Amino acid sequence: MSNIDIEKKIRLVSTISRVALGLVWLYEGLVPKILFIHSHQEQIMLVQRSGLYWHSAETTLTLLGIAQVLAGLILIIGRAERMAVAVATVAMSVLILLVATGNPAMLTDPFGALAKDVCLVACAATVWILAPLRK
């Protein structure tokens, strides 16, 4: 296999991982936190219980949703890949800690965030590792 073929495969794997990560951030910000915020009372109550909100829990969730949509778009566009995945991974870790503190039962939910987040960290690690190899 030539170096050009290997380089194309590296670029493809990195792009797929980065776009998948970006799409999840985009979806998680747009759907439950902006478009259907009132359908997700559990998230609203989680923010209320935390006491970490500005103005109201709904406003805070909407602002968090906007930040997640922007993060998703930055990841999909592909600028500053390593920084983008690093910021996304740190932000995801903070969100996991906040959720675990506010509702520890969510960590054992088979449809919950933890299983998804482990996969997102794997996508971020793939982009981080492969980014320096790309030209």
Answer yes or no as to whether ALA122 is of a type outside the set (S, T, N, Q), assigned to a helix (DSSP H, G or I) and loosely packed, with under 15 Cβ neighbours inside 10 Å. yes
Contact list, first residue from the range 62-82 and under 16 Å from LEU52 (Cβ atoms), second anywhere and in a helix (DSSP H, G or I) and of a type in the set (Val, Ile, Thr), beta-carbon distance below 8 Å, six or more apart or interchain, is THR62/ILE34; THR62/ILE37; GLY65/ILE34; GLY65/ILE37
Filter the range 91-107 for residues that are within 17 Å of ALA20 (Cα to Cα) and surrounded by fewer than 17 Cβ atoms within 10 Å (Cβ to Cβ) and give the result. ALA91
Scan of the range 53-78 for residues that are of a type in the set (A, V, I, L, M, F, W, C), touching a Ser or Thr at 6+ places or on another chain (Cβ under 9 Å) and surrounded by 13 or more Cβ atoms within 10 Å (Cβ to Cβ), ordered by number: ALA57
Checking PRO110 against (1) surrounded by 14 or more Cβ atoms within 10 Å (Cβ to Cβ); (2) not in a helix (DSSP H, G or I); (3) not aliphatic (A, V, I, L, M), which single condition isn't satisfied? (1)
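Since every read-out is calculated from the coordinates, none of them should be taken as a lab result. None of these values were measured; they are calculated from a predicted model. Neighbour counts run over all protein chains shown; Cβ positions are idealised from the backbone, glycine included.
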